[in-house]
Amino acid sequence: DGKMGDLKKAIEAADAKKSTTAYTQASDTKDFDDALTAANTLNSDNGDNEDAEAVQAKIDALTNAKLDGEDQLANAKNDAIDKINALTNLNKAQKQAAIEAVNNATTVAEIQPIVDTATALDGKMGDLKKAIEAADAKKSTTAYTQAS
């Protein structure tokens with residue numbers, strides 16, 4: 001009976017974990033979901049009548065099911081920050097704003113649009129630099145120096 005109480009606690013903890021980044025951003029939740037389903041089946045009224053050792057095995061399976069969502073999110077953030085830092089036309093404030101947005105992202109899906117926006121801005125900043133260089137070059141022409 002004590003093991004069934006432990007199983008109920010493990011199920012509650014697992015259910016709570018389903019709303020965390022570790023679960024929502026995980027590359028694979030199958031082992032975790034399978035362990036939770038097996039634990040719920042055992043816990044239900046029509047569940048298996050298993051001994052304490054078998055109940056403990058279900059608890060262990062549920063507890064030990066690996067979720068890599070935190071790692072997936074951290075890796076996506078690091079990759080995005082590397083890409084942003086590699087953009088050559090953004091100024092320091094623009095890079096900092098993009099990196100801050102990446103760091104504030106709570107899902108992997110939120111990150112790529114931030115990188116896309118920063119990359120587009122980098123292109124526009126490159127166009128602006130070229131326009132400024134072209135304007136500066138015209139200042140040394142006769143058309144500019146002799147203008148009235």
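No lab work stands behind these numbers, since they all come straight from the coordinates. If you're wondering where the values come from, they're calculated on a predicted model, not measured in any experiment. Note: ideal-geometry Cβ built from the backbone for every residue, glycine included; neighbour counts use all protein chains shown.
Details
- Residue match in region 14-31 (condition: under 30 Å from Gly2 (Cα atoms), within 15 Å of the chain's Cα centre (by Cα), not hydroxyl-bearing (Ser, Thr, Tyr) and not in a loop (DSSP other than H, G, I, E, B)): yes
- Inter-residue pairs, beta-carbon under 7 Å, first touching a residue at least 24 places away in the same chain (Cβ under 8 Å) and in region 4-17, second of a type in the set (Ser, Thr, Tyr), 6+ apart: Ala10/Thr63; Lys17/Tyr23
- The listed residue being touching a Leu at 6+ places or on another chain (Cβ under 7 Å), more than 19 Å from Thr21 (Cα to Cα) and among the charged types (D, E, K, R), out of Asp82, Asp127, Asp116, Asp122: Asp122
- Answer from Thr37, Thr88, Thr106, Thr41 - the residue that is surrounded by 12 or more Cβ atoms within 10 Å (Cβ to Cβ) and of a type in the set (Ser, Thr, Tyr): Thr41
- Test: residue in region 135-142 that is among the hydrophobic types (A, V, I, L, M, F, W, C), part of a helix (DSSP H, G or I) and over 17 Å from the mean Cα position of the chain (by Cα): yes
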